[in-house]
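Trainee: Sharing a structure below in structure tokens format, with a few things to ask.
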Amino acid sequence: MCGIVAYIGYREACPIIIKGLRRLEYRGYDSAGIALLNGALNVYKKKGKVKELETFIAEKDTHATIGMGHTRWATHGEPNDTNAHPHYSTSERIAIIHNGIIENYAALKTHLQQQGHVFHSETDTEVFVNLIEEIQKQNQCTLEEAVRLALHEVVGAYAIVVLSRDEPNQLIAARKGSPLVIGIGQDEFFLASDATPIIEYTSDVVYVNDHEIAVIRNGKLDIRTREDIQQTPYIQKLELELDSIEKGGYEHFMLKEIFEQPKSILDSMRGRLELEAGHLNMGGIRSYEQKFVNAQRIIIVACGTSWHAGLVAEYLLEDLARIPVEVEYASEFRYRNPIITERDIVIAISQSGETADTLAAIELAKSKGATIFGICNVVGSSIARATDAGAYTHAGPEIGVASTKAFTAQVTVLTLLAMIVGHKRGTLSEPKLRELMVELSNIPTKVEQALALNTEIEQISEIFKDATNFLYLGRGYNFPVALEGALKLKEISYIHAEGYPAAEMKHGPIALIDENMPVVVIATKDSSYEKVVSNIQEVKARKGRIIAITTEGDTVIPQMAEFVIEVPATSEVLMPLVSVIPLQLLSYHIAVLRGCNVDQPRNLAKSVTVE
Ligand code: M6R
């Protein structure tokens with residue numbers, strides 16, 4: 001949550017920071033602020049989006065070559081000008097931006113108040129900057145030393161940048177649990193929560209590790225541990241393309257990302273599915289293959305959409321590899337006392353690779369000796385680095401808050417994983433493997449065909465845009481798709497929606513059905529088709545308005561459903577990759593027709609780096 005960006009060099013800092021904040025706005029958008037250091041240390045901040053901040057500073061003196069900015073997703077204190085970052089210390093000599101949460105802020109605040117510090121906001125961050133000031137005063141030390149000592153006192157997660165009026169040619173940053181990347185240019189440095197604000201200036205980056213402090217002073221970067229041990233910065237080349245983080249002619253990032261899926265699925269298979277040679281490769285599992293073969297159980301931990309991808313994987317791994325699988329909400333798992341052994345494999349799935357609960361679940365499983373396999377989209381992210389092994393999804397940057405292409409990329413990678421492990425374990429025969437490989441390689445084309453339904457789905461959306469509730473039903477592989485369809489609708493259109501296993505409907509939700517209830521049923525031709533047809537009859541008998549997702553050529557369901565959306569046929573195990581497409585488009589169009597902010601829905605942020 002929250003995006004941070006900073007610059008130190010020879011250019012005007014303000015335009016670089018504002019542009020960077022716009023790129024990071026997906027991480028939080030309830031307020032934004034900037035601090036500029038040029039003799040004076042000026043802080044400007046405003047409730048609302050980055051554009052409100054831009055208007056606010058238009059008439060101000062923003063001339064500076066050092067500065068930092070923040071876009072906020074509120075944790076402590078409501079979104080308003082005062083709670084926005086940056087925060088000054090009491091003397092206004094030091095300012096800070098912070099992404100994360102300081103858990104012991106209340107005790108620290110009481111102590112600091114006793115020392116005479118005055119607080120204006122309700123944030124934990126203002127406590128952090130006053131702590132630094134107090135330590136500096138008590139120890140008569142440099143800012144760097146004061147930051148280092150302060151980091152020993154705070155409990156929680158942070159990526160911070162600190163500026164001081166008294167030490168004007170330096171910028172200090174540190175991280176624990178929240179991401180921080182440093183871009184290295186010629187005589188200039190860029191800091192940000194992810195690489196998107198950096199890419200147009202340099203492709204040389206350093207990912208700061210937990211418990212490291214970066215000091216940029218006189219054109220030099222010095223990285224040390226909290227214990228003051230100097231580190232050699234590991235400079236990596238970014239592979240990000242600038243085009244991939246722009247809208248490219250689409251009205252919204254979400255729509256662009258939905259339409260990118262034939263490519264992102266293909267990219268996630270590239271080099272892994274070699275049809276002609278009849279090979280499947282996944283570099284990430286090579287040295288862990290035997291572990292997978294002998295695994296007594298696989299536990300999948302994730303949140304939100306990634307958890308839905310995990311549910312699809314449960315079906316895949318049990319079907320194809322015959323390994324028992326448990327799928328856990330990371331937020332629940334981390335606070336249980338789960339039974340985990342060294343023969344367990346834990347698969348952590350995360351688009352951002354920064355989700356706090358997923359990271360904590362990994363740490364717990366690690367401490368019990370399990371092997372951790374990560375499936376992440378963001379290269380170099382905290383989860384990617386915390387796992388023993390893993391595979392990237394190669395979906396490209398996903399900027400719309402509602403996850404779309406990340407889901408299908410995750411399912412693609414999980415399918416490949418299940419196929420590889422199933423084949424190695426001898427539970428997936430050679431002919432069946434071959435058949436699935438062919439079918440998987442056809443998926444991008446089938447997704448393309450499903451995307452061609454866009455106009456038809458827009459027309460259906462027009463009819464249902466004012467609904468107040470939606471029910472989504474599916475069975476087997478399509479059950480997680482029903483959950484995902486409901487989540488997409490809720491988060492961007494604010495319509496209440498529930499996903500349910502179709503057969504469970506009669507145990508409760510059927511009571512909700514009347515002539516006003518839209519019921520989306522995913523009823524593609526698979527092993528539970530006949531059963532789902534019966535469920536459709538049950539809805540119809542209660543006058544529910546049925547929107548059915550069917551397989552092309554189905555002649556039975558069109559006689560029962562009010563609307564039918566036909567998707568191309570594919571193997572049952574691969575159907576989620578196709579059947580989810582109309583549900584993404586349905587939620588997108590309904591949200592647009594209701595005038596909602598599709599890319600930045602209220603109360604949400606793209607990566608949830610707080611628990
Ligand atoms: O980055 P992650 O995949 O770990 O994020 C998990 C969830 O926060 C995320 O999927 C969220 O549910 C999305 N907004 C769904 O569209």
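The values are calculated or read from the model by the stated rules, or taken from the named source; none is laboratory data. As the structure is a prediction and not an experimental result, all values here were calculated from the model. Because the Cβ atoms are built from the backbone with ideal geometry, glycine has one as well, and the counts that use them run over all protein chains shown.
Trainee: Return the residue satisfying two criteria in turn: it lies in the range 361-380 and is in a loop (DSSP other than H, G, I, E, B) and away from the ligand (no atom under 12 Å from the Cβ), and of such residues it is nearest to Ser587 (Cα to Cα).
Mentor: Out of the qualifying residues, it is Val379.
Trainee: Out of the residues in the range 471-484 that are within 16 Å of the ligand (Cβ to nearest atom) and surrounded by 24 or more Cβ atoms within 10 Å (Cβ to Cβ), state the one that is nearest to the chain's Cα centre (by Cα).
Mentor: Residue satisfying both the conditions and the ranking: Glu484.
Trainee: For a quick check of your reading of the model, give me the residue pairs whose first member lies in the range 546-562 and is without any contact (Cβ under 8 Å) to a residue 24 or more places away in the chain, whose second is among the basic types (Lys, Arg), with beta-carbon atoms closer than 6 Å and at least 6 apart or on different chains.
Mentor: These pairs meet every condition: Glu562/Arg545.
Trainee: What pairs come up if the first residue lies in the range 399-422 and is in contact (Cβ under 8 Å) with a residue 40 or more places away in the chain and farther than 19 Å from Arg23 by Cα, the second is more than 13 Å from the ligand (Cβ to nearest atom) and of a type in the set (Phe, Trp, Tyr), and their beta carbons are under 7 Å apart, counting only those six or more places apart or on different chains?
Mentor: Val421/Phe292
Trainee: Let me ask something else about it. Name the residues in the range 419-436 that are assigned to a helix (DSSP H, G or I), under 14 Å from Glu289 (Cβ atoms) and of a type outside the set (Val, Ile, Thr), would you?
Mentor: Met419, Gly422, His423, Lys424, Arg425
Trainee: Go through (1) touching a Ser or Thr at 6+ places or on another chain (Cβ under 8 Å); (2) closer than 16 Å to Thr415 by Cα for Thr358 and report which single condition fails.
Mentor: (2)
Trainee: What are the pairs with Cβ atoms under 6 angstrom where one residue, in the range 290-311, is of a type in the set (Val, Ile, Thr) and the other, located anywhere, is within 16 Å of the ligand (Cβ to nearest atom) and part of a loop (DSSP other than H, G, I, E, B)? Sequence gap at least six, or different chains.
Mentor: Thr305/Ser403
Trainee: One residue is enough: does the range 439-448 have a residue meeting the conditions over 17 Å from Asp267 (Cβ atoms), assigned to a helix (DSSP H, G or I) and either within 27 Å of the chain's Cα centre (by Cα) or away from the ligand (no atom under 16 Å from the Cβ) (or both)?
Mentor: Taking every residue of the range 439-448 in turn, at least one turns out to be over 17 Å from Asp267 (Cβ atoms), assigned to a helix (DSSP H, G or I) and either within 27 Å of the chain's Cα centre (by Cα) or away from the ligand (no atom under 16 Å from the Cβ) (or both).
Trainee: So, one more: Just to verify a result, which residue in the range 485-528, among those that are surrounded by 19 or more Cβ atoms within 10 Å (Cβ to Cβ) and of a type in the set (Ser, Thr, Tyr), is farthest from Lys465 (Cα to Cα)?
Mentor: Ser528
Trainee: For the condition crowded, with 16+ Cβ neighbours inside 10 Å and more than 17 Å from Glu25 (Cα to Cα), what is the one hit in Asp194, Asp228, Asp243, Asp210?
Mentor: Asp210
Trainee: Please state which one of Ser579, Ser587 is more than 11 Å from the ligand (Cβ to nearest atom), within 19 Å of Ser461 (Cα to Cα) and crowded, with 24+ Cβ neighbours inside 10 Å.
Mentor: Ser579
Trainee: Follow-up. Residue check, Ile383 against (1) buried (at least 24 other Cβ atoms within 10 Å of the Cβ); (2) among the aliphatic types (A, V, I, L, M); (3) more than 9 Å from the ligand (Cβ to nearest atom), all met but one. Which one?
Mentor: Single failed check for Ile383: (3).
Trainee: Would you check which residues across the range 63-80 are part of a loop (DSSP other than H, G, I, E, B), at pLDDT 95 or above and out of contact with any Phe, Trp or Tyr (no Cβ under 8 Å at 6 or more places or on another chain) and list them?
Mentor: His63, Ala64
Trainee: Yes or no: the range 346-359 includes at least one residue that is more than 16 Å from the ligand (Cβ to nearest atom) and more than 22 Å from Lys263 (Cα to Cα). So that I can check it myself, show each step before the final result.
Mentor: Filtering the range 346-359 down to residues more than 16 Å from the ligand (Cβ to nearest atom) leaves none.
No, that holds for no residue.
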